[in-house]
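Worksheet: one structure, shown below.
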Amino acid sequence: MTTHPFDSGREEMREQIISLIYERYIYCRTFLGRESEPALILKNLIHSIRDAQADEMDNAKISKLDLQMQK
């Protein structure tokens, strides 16, 4: 299975976005409180991105197994 040439760039961009969101989360948590609405929204956003990333990896593994089974 070949990888798309933009996959590594996409992954790098995703990590940069998560890093920026995390910085804002730390700021909100520090100055507004751990349970503040902005902090909770950013925390949930980070978890959503990570969950989507895990789903993509799972789907790629399933696709790879399907291809192997077809051979």
Select from segment 27-52 the residues that are out of contact with any helix residue (DSSP H, G or I) (no Cβ under 7 Å at 6 or more places or on another chain) and polar (S, T, N, Q) and write down the one among them that is modelled with the lowest pLDDT.
-> Ser48
Which pairs have Cβ atoms under 8 Å, sit 6 or more apart or on different chains, and link a residue in segment 30-45 that is without any contact (Cβ under 8 Å) to a residue 12 or more places away in the chain and surrounded by fewer than 15 Cβ atoms within 10 Å (Cβ to Cβ) to one that is part of a helix (DSSP H, G or I) and not hydrophobic (A, V, I, L, M, F, W, C)?
-> Leu32/Pro38; Ser36/Arg29
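The values are calculated or read from the model by the stated rules, or taken from the named source; none is laboratory data. Predicted model, so just to flag it, every value in this text is computed and none were measured. Cβ coordinates were reconstructed from backbone atoms using ideal geometry, including for glycine residues, and neighbour counts include every protein chain displayed.
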